[in-house]
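**Q** Before anything else, here's the structure in question.
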Amino acid sequence: MKIGFNEGSDWKCKNHTVLKDLEYCEKYGFQYIDIQSACLDEDLRKDRNALNDISGWLKGHSLKVNSYNALCDFNMCPTKAEKDRVMAELEEDIIRCRLLNTDTIILVPRGNLNTAATIPEIHDDAVMMLKKMLQLAAPEEIRLALEFCGQPDISINRFEDAYSIVEEINSNKLGVVLDQYHFHAMASGWDALEKAHGSKIFIWHFTDTEDLPCGASYNKYENRLWPGDPRGCMDMRRYVKTLKNIGYAGNVCMLEVFRPEYYELTQEENVKKSAVCMKKFVSEYCTDF
């Protein structure tokens, strides 16, 4: 099992840049990185050549970009202008993927809905949008990865709902992001995960979290923890065993932690400590994966 680093884990560290993440991730033994769109956008605001510099760095190093993360609010768009915004953003993200040498874009569902949409309505809308997005992405061989987000106000917030959308469309270019925090935070069903096809899970976001009530308003991303923290409550062995049993073929687990106290570290120290935690996890839990 290879290890990867999602930039959400250190993006608020002082003087953060994507290029420094690339350097530190390779230095401390990560094989993959998820590039956060917010991080790249910030770097481009400061330097219009930042994307070309990142692209050039990647060509000369072994570190690989696992995904571009993320195109947000892709579904439940109330107007044609909103739908057009999604498609225009997807076109731009495809261009960025070419330069980053990655074939996967993560999609985040809309939050803060101001209408009482039902799960069937949300399902049908997501299927409609994703079919259009897949058609646009097809010529570039780009995969789309739907990340359900474990908060009450997110339109797709449980694994089973995300998986049913992916299953209906049934494209080898569409899969689910399994984020352990999101799975836990809204009590997604283990039975649904245990019946899933591993080929439809494109990305595994790895994290631990504090033991808080599922669906509580104060159960937020900031409560995530590095693996091995004694405050954590995740059943790590069950995640590993389940993913192995269903045939998860991603061959990489990506650390994604949004904890404010970790942002107080320097960017390099954050990546270094993250790598130590992930290597320990893999050596303890994934030796026969």
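The values are calculated or read from the model by the stated rules, or taken from the named source; none is laboratory data. Keep in mind the model is a prediction, meaning the values are calculated, not measured. Glycine gets a Cβ as well: all are built from the backbone with ideal geometry, and neighbour counts include every protein chain shown. Keep in mind that these areas ignore ligands, DNA and RNA; they rest on the heavy atoms of the full protein, side chains included. Shrake-Rupley method; radii C 1.70, N 1.55, O 1.52, S 1.80 Å.
**Q** Quick check on A145: is it over 20 Å from the mean Cα position of the chain (by Cα) and not in a helix (DSSP H, G or I)?
**A** No: the conditions fail for A145.
**Q** Do we find a residue being farther than 20 Å from V257 by Cα and surrounded by fewer than 16 Cβ atoms within 10 Å (Cβ to Cβ) anywhere in the range 68-79?
**A** Yes.
**Q** Also, quick follow-up: Go over the candidates I54, I3, I33 one by one and state the one that is of a type in the set (V, I, T), free of Cβ contacts under 8 Å to residues at least 60 places away in the same chain and not in a helix (DSSP H, G or I).
**A** None of the other options fit; the residue is I33.
**Q** Residues in the range 278-289 that are without any contact (Cβ under 8 Å) to a residue 60 or more places away in the chain, in a helix (DSSP H, G or I) and either open to solvent by 80 Å² or more (accessible area, probe 1.4 Å) or aliphatic (A, V, I, L, M) (or both): how many?
**A** Looking only at that region, the number is 2.
**Q** Just one of (1) within 22 Å of A196 (Cβ to Cβ); (2) in contact with a His (Cβ under 8 Å, 6 or more places away or on another chain); (3) crowded, with 16+ Cβ neighbours inside 10 Å; (4) not acidic (D, E) trips up G247, so point out which.
**A** So the condition that G247 fails would be (3).
**Q** Here are the criteria: (1) closer than 25 Å to D153 by Cβ; (2) open to solvent by less than 20 Å² (accessible area, probe 1.4 Å); (3) not charged (D, E, K, R). Tell me which single one A275 does not satisfy.
**A** (1)
**Q** If a residue must be under 12 Å from V127 (Cβ atoms) and either open to solvent by less than 20 Å² (accessible area, probe 1.4 Å) or assigned to a loop (DSSP other than H, G, I, E, B) (or both), how many such residues does the range 148-172 contain?
**A** Matching residues across the range 148-172 total 6.
**Q** Search the range 100-147 for residues being of a type in the set (S, T, N, Q) and open to solvent by less than 30 Å² (accessible area, probe 1.4 Å), and hand back the single one that is nearest to W57 (Cα to Cα).
**A** Residue satisfying both the conditions and the ranking: T102.
**Q** Report, ordered by the first and then the second residue, all pairs with beta carbons closer than 9 Å, sequence separation of six or more or different chains, a first member in the range 204-231 that is under 22 Å from E284 (Cα atoms), and a second member that is surrounded by 14 or more Cβ atoms within 10 Å (Cβ to Cβ) and basic (K, R).
**A** Close Cβ pairs (under 9 Å, with a partner that is surrounded by 14 or more Cβ atoms within 10 Å (Cβ to Cβ) and basic (K, R)) amount to T207/R224; D208/R224; T209/R224; E210/R224; R224/R259; L225/R259; W226/R259; W226/K273.
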